[in-house]
1. Please work out whether the stretch 189-247 counts as rounded, prolate or oblate from its C-alpha gyration tensor, where a ≥ b ≥ c are the square roots of the eigenvalues and a/c under 1.5 means rounded, while otherwise a/b larger than b/c means prolate and anything else oblate?
2. What relative contact order, as a whole-number percentage, does the stretch 137-236 give when Cα pairs under 8 Å and 6 or more residues apart are counted?
3. Net charge within 13 Å of Lys206 by Cβ-Cβ distance, Lys/Arg positive one each and Asp/Glu negative one each, not counting Lys206 itself?
4. Determine the sum of side-chain charges near Ile89: Lys and Arg each +1, Asp and Glu each -1, restricted to other residues whose C-beta is under 14 angstrom from that of Ile89.
5. For Ala98, what charge total do you get from the other residues with a beta carbon under 13 Å from its beta carbon, if Lys and Arg give +1 and Asp and Glu give -1?
6. Among Ile174, Ile218, what's the order by accessible area (1.4 angstrom probe), most exposed first?
7. Do any GluC sites (Glu not before Pro) in the stretch 114-182 lie in a DSSP loop with no more than 15 other beta carbon atoms within 10 Å, and if so, which?
8. Long-range amide H contacts for Leu145: which residues qualify at under 5 Å (H placed 1.01 Å from N, peptide plane, sequence gap of 5 or more or a different chain)?
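The values are calculated or read from the model by the stated rules, or taken from the named source; none is laboratory data. None of the values given here were measured: they were computed from a predicted structure. Using ideal geometry, Cβ is built from the backbone for each residue, glycine included, and neighbour counts are taken over all protein chains shown. Quick note on the areas: whole protein, heavy atoms, side chains included, nothing else; ligands and nucleic acids left out. Shrake-Rupley method; radii C 1.70, N 1.55, O 1.52, S 1.80 Å.
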Amino acid sequence: MNGQFDLITIIALIIAVAAIIKLRNVLGHRTDDDEKRVERLKTREREAGQRPATETASADVITMPRRDREPLAPVSAPEAAATNAEARIRAYPVSDPAVTTGFLDIAKADPSFDPDAFVAGAGRAYEMIVSAFAEGNRKALKDLLSKEVYDGFTAAIAEREARGETIEQQFVGIRKADVVEAELKNGVASVTVRFVSELISATHDKAGEVIAGDSQKIKDVTDIWTFSRDISNAKARSNLNWRLVATQAPN
């Protein structure tokens, strides 16, 4: 029984080994058709490697179907600047719609005009002018004021000096700055701002005695100032300085 089993097992193994050898010979041998298919594959791979990056990348992108339409006209830089300026202006909060209209008129002549930037600059100018006036600094005032306003400020300084008075002042800050008027007239932009500031101010006489104000107390001060700038032509617009052209007391 064991001999018979061994004989059958040996025959089966011989058959299996023969089958494996035959299968290996078949799988390991390339026919002419196989060689052609391999060459075609290599050719496609070489061509793919020589294509521009944009072309090969496009194979991985699925283009969504779309309707044919007319191409959009390119937007020029001045048009884009005007659009941005208008958006900034319409977004700027004002209590009077006429201010927005004035801003838009100014921006048409000068697309770089920005309400936020203007008010920030006007606030800095306000602090500089108030401080320079208290110190009697005529040189600092000259570059910030129109001739008429400069003459008025320097006259007040001269009268104060003639009386021997001095001003002790500390600028605390601006609590509020609201644009109340804006217009463009004959190429000149004018913007009026109502400032509410906090100051510590005291006026001393010759003897050093306080005759007005309080050197220990913060006081709220309201000023309505109008700033102006010529933007009638390119040369004028190259000068970015706004000057104080008018002051008025609050109602």
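1. Verdict is prolate for the stretch 189-247.
2. Value for the stretch 137-236: 25 percent.
3. Surrounding charge for Lys206 is -2.
4. My count for the surroundings of Ile89 gives -4.
5. Here the count lands on -4.
6. Result of the area sort, largest leading: Ile218, Ile174.
7. Glu165
8. HN-HN under 5 Å from Leu145: Leu244.
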